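The values are calculated or read from the model by the stated rules, or taken from the named source; none is laboratory data. Quantities reported herein were computed from a predicted structural model and do not represent experimental measurements. Every residue, glycine as well, gets a Cβ built from its backbone with ideal geometry; the counts of neighbours run over all protein chains shown. These accessible areas exclude ligands, DNA and RNA; they are computed on the full protein's heavy atoms, side chains included. Shrake-Rupley method; radii C 1.70, N 1.55, O 1.52, S 1.80 Å.
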Amino acid sequence: MANREALRDLQTRLASRLQAARTEGASVSSWLAVESAGSFYLLPLGQSGEIFPWGSVQAVPYTHSWFLGVANLRGGLVGVVDLAGLMGVVAPRTDQALQEASLLAFNAALDVNAALLVDRLAGLRGTDAFVSSERPAEDSPAFFGTTYIDSSGARWQELNLQILSQHPAFLSISA
């Protein structure tokens, strides 16, 4: 119950900060920052949807290990994808870790019934939160955007959720 209240508080704070950023004319590039298996990702706010606590996910047989199953989120059936697993990071998760994780639904405008499992929500970020950036390598997946480096040296990989949702690896869930 406390986790749900904390998540609700986080969502309220994020919504207020987003509204403040819009009214104050903050940086044009805005992302939801998330962590997954020790990696840092920036997800465009316009492509990100609602945030849910980890709940009952029903496994689907004969699928890749990164496809965790399906969940009922607000009455809609969505596929749940482990972001770290999709990126090739094998990260065994304990029940405790899953209880602290969140599901981030894709924006309804993308017309994708999917949600990403992330370990931690790290708030909102704009370009002003970073000290440098690097273009994606030529052999990077098409859904990788710019890599941003913050003042502590952490590397944040921008992910284009619209391109990710159409990528063959994302669409091919059968093992």
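For segment 59-81, a residue qualifies if it is closer than 19 Å to residue 157 by Cβ and either free of Cβ contacts under 8 Å to residues at least 40 places away in the same chain or open to solvent by 70 Å² or more (accessible area, probe 1.4 Å) (or both), and exactly one does: 66. Just wondering, is there one or more residues in segment 97-109 that are in contact (Cβ under 8 Å) with a residue 60 or more places away in the chain, within 20 Å of residue 162 (Cβ to Cβ), in contact with a helix residue (DSSP H, G or I) (Cβ under 8 Å, 6 or more places away or on another chain) and open to solvent by 30 Å² or more (accessible area, probe 1.4 Å)? Taking every residue of segment 97-109 in turn, at least one turns out to be in contact (Cβ under 8 Å) with a residue 60 or more places away in the chain, within 20 Å of residue 162 (Cβ to Cβ), in contact with a helix residue (DSSP H, G or I) (Cβ under 8 Å, 6 or more places away or on another chain) and open to solvent by 30 Å² or more (accessible area, probe 1.4 Å). Of the residues in segment 155-163, none is in contact (Cβ under 8 Å) with a residue 12 or more places away in the chain and more than 17 Å from the chain's Cα centre (by Cα).
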